[in-house]
Amino acid sequence: MLQVSEAEAIILNLVQPLDPQQDTEFVDLLTADGRILATPVTSQLDFPQWDNSAMDGYCVRYEDVQHCSAEHPAVLEIVEEITPGKEPQSTIQPGQAARILTGALIPTGADTVVMQEVTRREENRVFIEATPQPQQFIRQRGSYYQAGTQLLPAGIKLNAPEIGVLAASQSIQPRVYRRVRVSIISTGSELVTPDTSLQTGQIVDSNQYALFCLVKQAEAKAHMLGIVKDDVEAIEQAIASAVANSDIVISSGGVSVGDYDYIEKIIESLGGKIHFNTVAMKPGKPLTFATFSRGDAPVERLHDTPDNDATDTAPIGRLSCLYFGLPGNPVSALVTYWRFVQPTIKKLSGLTSGWEPKFVKALTPQDLYSDGKRETYLWGQLSLNGEGVYEFHLASGSHSSGNLINLAQTNSLAVLPAGTTSVSKGEHVKVLQVGNF
Ligand SMILES: Nc1nc2c(c(=O)[nH]1)N[C@H]1C(S)=C(S)[C@@H](COP(=O)(O)OP(=O)(O)OC[C@H]3O[C@@H](n4cnc5c(N)ncnc54)[C@H](O)[C@@H]3O)O[C@H]1N2
Ligand code: MOO
Ligand SMILES: [Mg+2]
């Protein structure tokens, strides 16, 4: 059976990030958070744009204050008060100073700022009571960034600091990668929507909801294609349409060996290439991964789901679609999503780094068990203890792949390698981070 690391390598090596020319759009800065920058940003402004003061105090000529002390202060005449945003009016001559506030422009003639705390003021005279360093407290023009050089590289995620940098450089419409399009299908004749009153044996389609949420959190554009019954024609139609309209298709259910587990057969009949259908992990063994190639033929667009903006009319430029047939058991579906689909979406989205799964080493305060046959994923919560060390707290209750109830509050998965049957309390375990903590 294929090992998890082998499956991961097969998938991630096949992921071709979005095209930095074709797969982009301009967005308003206030809606750009979470998006991936598609082209490097350059500014025509220096930062700082002007020599300015880092302190409230007095700007002086260094030669006037180089030998002063509390006993022998330099006494300078104050010729002007300069506030931020104001253009200085005077040139500072020997024996003169200007009152200056933080962020205000340095006047000609002055080369040093003395902070207020080492000065004493008497009317329009200032007594400088300590010698500063030459050029002290002057933020030199261009010392943080020089106009024309690269301000931000392509392939980074825009968060608050980057949005601030773009605002400062007046880049109010950054060019970002379009969102990755992900279609989600639930298969199973027993499935009903959450608002349906249940007949005997029916199961609520929880996978579609949880996966939709995860896809949205990955900043992708999620299309819920609903429930499709275990009927070859119906599934075939749903998959064909999803593949034509998406970068990634995720289905859940129908990938094991049951009489109605049709997914693999249908992918093949539609011309998809199956790369594997089983992985040595628990949960998540029956996982089907396939790729579809497609020509340039125009394809019918899907209707946007209400949760997504309906303004995106960009043509679909990608020539291939990645298909994840996740197992139907709710925990198996989410664990395989976290382990394989999440990094795929991130890599596809144009991120140049940080798309890889994030593992940390954590202490376990309780014994962890596995049958040792496959790489085993146990769900729980990661936190920092009083010593600043990661701890993994196993979720209480049944760790069955059908039990989605104790998956609530999961932010991490402990990973026990194949061949390991236990990790004792107080030992370290490898943990995959899957949410915020
Ligand atoms: N003989 C064998 N049987 C099974 C094997 C095996 O190796 N040999 N593997 C088991 C494992 S492991 C898993 S995981 C499941 C995978 O099954 P499928 O992907 O074929 O999924 P289904 O049969 O359609 O459903 C399984 C289970 O999950 C529930 N389900 C399905 N979709 C949803 C949904 N959208 N929301 C909530 N729950 C869902 C479904 O009702 C079933 O209870 O196969 C084992 N069998
Ligand atoms: O892999 Mo199944 O996913 O163990 O329940
Ligand atoms: Mg099945």
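The values are calculated or read from the model by the stated rules, or taken from the named source; none is laboratory data. Fair warning: this is a prediction, and the values are worked out from it, not measured in the lab. Cβ: placed from backbone, ideal geometry, glycine included. Neighbour counts: every protein chain shown. The area values use the complete protein model at the heavy-atom level, side chains included, leaving out ligands, DNA and RNA. Shrake-Rupley method; radii C 1.70, N 1.55, O 1.52, S 1.80 Å.
In this Cβ point-charge picture (+1 for Lys and Arg, -1 for Asp and Glu), the chain has a dipole of about 840 debye about its Cα centre. Taking GluC sites (Glu not before Pro) across segment 200-288, none is in a DSSP loop with at most 13 further Cβ atoms lying within 10 angstrom of its Cβ. A Cβ-based charge dipole, computed about the Cα centre of segment 208-271 with Lys and Arg at +1 and Asp and Glu at -1, lands at about 340 debye. Using a probe radius of 1.4 angstrom, the carbon and sulfur fraction of the accessible surface of the chain is 50%.
Equivalent-ellipsoid semi-axes for segment 131-206 (Cα gyration tensor, √(5λ), whole Å, largest first): 57, 16, 9. For K265, a cut-off of 17 angstrom between C-alpha atoms picks up these aspartates and glutamates, skipping any fewer than 8 places away in its own chain: D230, D231, E233, E236. Comparing G254, G201, G350 in a Gaussian network model of the chain, where Cα atoms under 10 Å apart are tied by springs, the biggest mean-square fluctuation is seen for G201.
The residues of segment 8-85 present an accessible area of 52 Å² per residue when probed at 1.4 Å with all protein chains retained. With a cut-off of 15 Å between beta carbons, the residues surrounding E375 carry a summed charge of +3, where Lys and Arg count +1 and Asp and Glu -1.
What are the lysines whose alpha-carbon lies under 28 Å from the alpha-carbon of K157, with same-chain residues fewer than 8 places away excluded? Output for K157: K216, K221, K346, K347, K358, K361, K430. Taken one residue at a time, the phi angles of segment 389-396 give Karplus couplings (6.51, -1.76, 1.60, θ = phi - 60°) of 9, 5, 10, 9, 10, 4, 5, 7 Hz. Gly and Pro are set to x. Could you tell me how far the Cα centroid of segment 24-78 sits from the Cα centroid of segment 184-254, in Å? Cα centres, segment 184-254 to segment 24-78: 54 Å. The long axis of helix 232-245 is offset from the longest Cα principal axis of the chain by roughly 20 degrees. With the helix formula -39500 (n - 2.57) applied to DSSP H stretches of n ≥ 4, the chain reaches a computed 222 nm mean residue ellipticity of -4500 deg cm²/dmol.
Based on the Stokes-Einstein relation at 25 °C and a viscosity of 0.890 mPa s, and on the Kirkwood radius from alpha carbon pairs, the chain is assigned a translational diffusion coefficient of 95 µm²/s.
Once the Cα atoms are used to define both axes, helix 206-217 deviates from the longest principal axis of the chain by about 20 degrees. Excluding same-chain neighbours fewer than eight residues apart, the aspartates and glutamates reachable from K425 by a Cα-Cα span under 20 Å are D367, D371, E375, E387, E391. Average accessible surface for segment 347-437: 51 Å² per residue, computed with a 1.4 Å probe over protein heavy atoms with every protein chain in place.
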